[in-house]
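A.B. asks: Before I ask anything, let me first share the structure, which is written out below as structure tokens.
The values are calculated or read from the model by the stated rules, or taken from the named source; none is laboratory data. Keep in mind that what you see is a predicted model, and the values were worked out from it rather than measured. Using ideal geometry, Cβ is built from the backbone for each residue, glycine included, and neighbour counts are taken over all protein chains shown. Protein only, heavy atoms only, side chains kept; ligands, DNA and RNA dropped before computing areas. Shrake-Rupley method; radii C 1.70, N 1.55, O 1.52, S 1.80 Å.
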Amino acid sequence: MQVDILTPEKKLFAGDVYGVQLPGVSGSFEVLEKHAPIVSALGSGVVKILLDKTGKTNSYKISGGFMEVLDNKVSVLVEGATAI
């Protein structure tokens with residue numbers, strides 16, 4: 001599954017991953033391979049990228065944004081993010 005994290009200034013992350021955990025406005029949720037199409041608003045929190053099944057992760061603190069899943073690609077659009 002392809003994940004892209006984008007800000008207005010630059011692309012923070014792009015890669016093929018196992019999954020991604022996101023802070024939705026109504027609670028956290030996870031997207032794995034072959035997820036149904038979805039668009040969701042994001043609240044403030046941590047986006048955790050699951051790089052593989054062994055538990056390796058990359059994390060970014062965000063203050064909100066939007067995400068879309070379409071054709072096994074997750075696009076995360078945020079105003080700003082900080083790697084943690």
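A.B. asks: In this model, which of Lys10/Lys53; Lys34/Lys73; Lys48/Lys73; Lys34/Lys61; Lys11/Lys61 are farther than 19 Å apart at the alpha-carbon?
C.D. replies: Over 19 Å Cα-Cα: Lys10/Lys53; Lys34/Lys61.
A.B. asks: Rank Glu30, Glu79 by accessible area, highest first, at a 1.4 Å probe radius?
C.D. replies: The ranking, largest first, comes out as Glu79, Glu30.
A.B. asks: Going by a ≥ b ≥ c, the root eigenvalues of the Cα gyration tensor, does segment 26-84 fall in the rounded group (a/c under 1.5), the prolate group (a/b larger than b/c) or the oblate group?
C.D. replies: Details: a/c = 1.85, a/b = 1.07, b/c = 1.73.
Oblate shape, in that a/c is at least 1.5 and b/c is the bigger or equal ratio.
A.B. asks: If you rank Thr54, Thr7 by how much accessible surface each has, with a 1.4 Å probe, what is the order from largest down?
C.D. replies: Output order, biggest surface exposure first: Thr54, Thr7.
A.B. asks: While we're on this one: How large is the accessible surface per residue of the chain, computed with a 1.4 Å probe and reported in Å² as a whole number?
C.D. replies: Value returned for the chain: 58 Å² of accessible area per residue.
A.B. asks: Follow-up. Give me the dipole magnitude in Debye, nearest 20, for the chain about the Cα centre, with unit charges on the beta carbon: positive for Lys and Arg, negative for Asp and Glu.
C.D. replies: 200 debye
A.B. asks: A follow-up question, please. Tell me, what % of the accessible area of the chain is carbon and sulfur with a 1.4 angstrom probe?
C.D. replies: About 52 percent, which is the carbon plus sulfur part of the accessible surface.
A.B. asks: Any chance you could run the full-extension gain for Gln2 through Phe66? It's 0.36 nm times the residue separation minus the Cα-Cα distance, nm to one decimal. Display every interim value, and only then the final one.
C.D. replies: Values: separation 64, 0.36 × 64 = 23.04 nm, distance 1.63 nm.
Full extension of this stretch gives 21.4 nm more.
A.B. asks: Name the residues whose placed amide hydrogens come within less than 5 Å of the amide hydrogen of Phe13, ignoring near sequence neighbours (fewer than 5 apart) on the same chain.
C.D. replies: Here the answer is Ile5, since their amide H atoms fall under 5 Å of that of Phe13.
A.B. asks: Compute the Cα gyration tensor for segment 1-58, then decide on rounded, prolate or oblate, letting a ≥ b ≥ c be the square roots of its eigenvalues: rounded whenever a/c is under 1.5, prolate when a/b is larger than b/c in the other cases, and oblate in all that remain.
C.D. replies: Values: a/c = 1.42, a/b = 1.12, b/c = 1.27.
Since a/c stays below 1.5, the shape of segment 1-58 is classed as rounded.
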